Structure formats: C-alpha cells, structure tokens
1. Return P(r) of the stretch 1-104 (all Cα-Cα pairs; 5 Å bins starting at 0; whole %; ordered from short to long distances).
2. Mind giving me the FRET efficiency for Asp34 and Leu79? R0 is 25 Å, r the Cβ-Cβ distance, nearest 0.05 is fine.
3. Extending each Cα 7 Å along its Cβ direction at Met1 and Arg93, get the distance between those two points in nm, one decimal.
Amino acid sequence: MASIVARKNKAGEITSWQVKWREGGDWQTERFDDESSAELFRQAVEDNGNRWPLGWVKGQGYIDPAAGTEQYRFRDFALEVIKTRTGSEERYRRDCLRDLETYIFPTFQNCDVRSTEHFNSRTVGPGSTRWPRPRSGAAPSTSP
C-alpha cells in the first residue's frame, strides 16, 4: 500500500509530497510539488499492484502524456468491467453494451473515473441533467 508523506523544510513549511511504497521488499519513492499530483500517482501505483505505473519514468513522469491514462477513461473502464464480469450470460453483456452506447457513453465516455468533477452527486445523482432519465414509471433496465 502506497502512502503520501508531506516533506517539510527547517521552518516546518511543506515544500513537497513524497509517495512511498514497497516493491519487492525495497522502498520506492517519487516526489511531487503538489498533493493532488501525489494522490493521483499513489492511486496509479496501487492500481498497478504496488509497482511503478507502466510508462512512468522516475523523476520525469509519463514519457507519453497520454500513457497511463486510458485505463481511467470511463469508456475503457466500463468495457473492461463488462468483459471480465463472471457469471453473466452473453445476452446480459450485449444489453449492457447497448445501454452504455445509447445512454451513458455520449456524455461520460472520455471522463476520468477518478475525477470528482465528472462524477459527483450533481452530475450523476437524482435530478441530474447530464444524462437521459428513464420514462416515468419505467424500470431503468426497460427504458427506451
């Protein structure tokens, strides 16, 4: 499990944040100037089994700016969840894909699943105007 440590100068002011974790028994670290970047990296490390994220170069970041972010796009995430779901019939998977393509992907396909800006009670909760709502009285699985 990775953690974030605030690094302070002699005056006690936070100057940077360091992500720390153990990989193969050895401590690994990476430094960041802001806490939100450190948190995103910490999540990437944990999502990669407490290993360096694929495409990340220590001290430099992702070599290709797009590298390492595809797995966090809602479309890729949702498709992977459906593909790897066990105990479901093929018809159920097809229905899920159809509903995603029709109702969800037009709005959310390129959103970052880690983003509270894209996914919060205002954007996906009751009364949200970001995506179509089922007809009154219709169950979500039977909506047009």
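Just so you know, all these numbers are worked out from the coordinates, no wet-lab data involved. Keep in mind it's a predicted model, so treat the numbers as computed, not measured. Note that each Cβ is placed from the backbone with ideal geometry, even for glycine, and that neighbours are counted across all protein chains shown.
1. The distribution over the stretch 1-104 is 2, 11, 17, 17, 13, 11, 11, 8, 6, 2, 1, 1, 0, given as percents.
2. That pair, Asp34 with Leu79, gives E of 0.20.
3. For Met1 paired with Arg93, the spin-label model returns 3.4 nm.
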